[in-house]
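The values are calculated or read from the model by the stated rules, or taken from the named source; none is laboratory data. Model, not experiment: these values are computed from the prediction. As a convention, Cβ positions derive from the backbone with ideal geometry for all residues, glycine included, and neighbour counts pool all protein chains shown. The accessibility values were calculated without ligands, DNA or RNA, using every heavy atom of the protein model including side chains. Shrake-Rupley method; radii C 1.70, N 1.55, O 1.52, S 1.80 Å.
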Amino acid sequence: MTATPPVSPIPVAPAGLTDRAQRFVEVDGVRVPRQGLGKYRERWIEHGIPAVEIDRAAAFQDRWGGLALPPAPFYEGGPRILDADCPEGSAAEGWSFPAGDCRVSMAYGFMVGSDGAFGIDAYRWTPLHASTDGWVESLALAAHAGRRARTVTRIKGKAVESLDLAGFDPVPEVQGVTDTWWRGKDSLIALYRGEAVGMDAPQCLEAHVYGGLDEWGSTAADRRHH
C-alpha cells in the first residue's frame, strides 16, 4: 500500500490572482490536509444532489481547499480554513455549498452560491464578492493597506452612508458585490455591508479607511498571473 505523501504547509497560489494576492497566499497562508470529496460522490448523488453541483464543490476544493489565511478584518475573521462540503439547495432555489467553518460561533455561515459568488448565508443569502478569488484579493488588499497606511479609521453604522466617495474608483480585483473597495489618490476604503444586508442589521455597516498611502501603497501589485 502506497503511503500518501505529506502536504507541504507552504501553499502555491492558484493562477489568476494579482501579484499582491499571490504573495499574500504564499507568504501569509498555510496549507493543511484537505478532505477529498470524491469518496462522497455516489452517496450524495443517491440523496438527490446533482453531479454538476458536486463537481463545482470539488473544483473549489481543488483550487482553495485546505488553505488557512490570516483573519479577515471583518466577519469575525472569516473562515478558519477554506474547505468545501456537501452542496445544499434545490433546482428552484439554487444550489450552494459551504466554503469553510467559521472561526467562532456566528449567526451565519460562509458559502459559495449558485453563480460562484462568495458570501454569507444569514437571514438571507448575501454575496460579498463575485468569486472566492475576490474574497482572497480583499484579504490581501486589507493586509497590504494595513501595513502601509499612516492611519486606519473605522466608521460604523449610519456614518458609513455619509462617506464621500467622490474622486474614488472601485477596485476591480476584489470583484465586489455587497462588499466593495474604493481607491483614491492616497487612500483606500473598504465598505463592509454584508452583515447589514444579510442580517437586516444596518448598525452592522462598517467602513475601514486607510489613509496616507503613497502611489505604490494604493495601486501597486495589481497585475494578474494567468
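Tally up the residues in the stretch 148-189 that are open to solvent by 70 Å² or more (accessible area, probe 1.4 Å), among the hydroxyl-bearing types (S, T, Y) and part of a strand (DSSP E or B), please. Matching residues across the stretch 148-189 total 1. Working only within the stretch 36-55, note down all residues that are surrounded by 13 or more Cβ atoms within 10 Å (Cβ to Cβ) and assigned to a loop (DSSP other than H, G, I, E, B). Those that are surrounded by 13 or more Cβ atoms within 10 Å (Cβ to Cβ) and assigned to a loop (DSSP other than H, G, I, E, B): L37, I49, P50.
Put simply, of T126, T132 the only residue that is among the β-branched types (V, I, T), touching a Lys or Arg at 6+ places or on another chain (Cβ under 8 Å) and either open to solvent by less than 40 Å² (accessible area, probe 1.4 Å) or farther than 21 Å from P172 by Cα (or both) is T132. Just one of the numbered conditions (1) in a loop (DSSP other than H, G, I, E, B); (2) modelled with pLDDT of 95 or more; (3) more than 11 Å from the chain's Cα centre (by Cα); (4) of a type in the set (A, V, I, L, M) is not true of A58: (1). Consider the stretch 102-123 and keep the residues that are of a type outside the set (S, T, Y) and in contact with a Cys (Cβ under 9 Å, 6 or more places away or on another chain). The one that is surrounded by the most Cβ atoms within 10 Å (Cβ to Cβ) is F110.
Residues in the stretch 57-85 that are under 17 Å from S96 (Cβ atoms), of a type outside the set (D, E) and open to solvent by 20 Å² or more (accessible area, probe 1.4 Å): A58, A59, R63.
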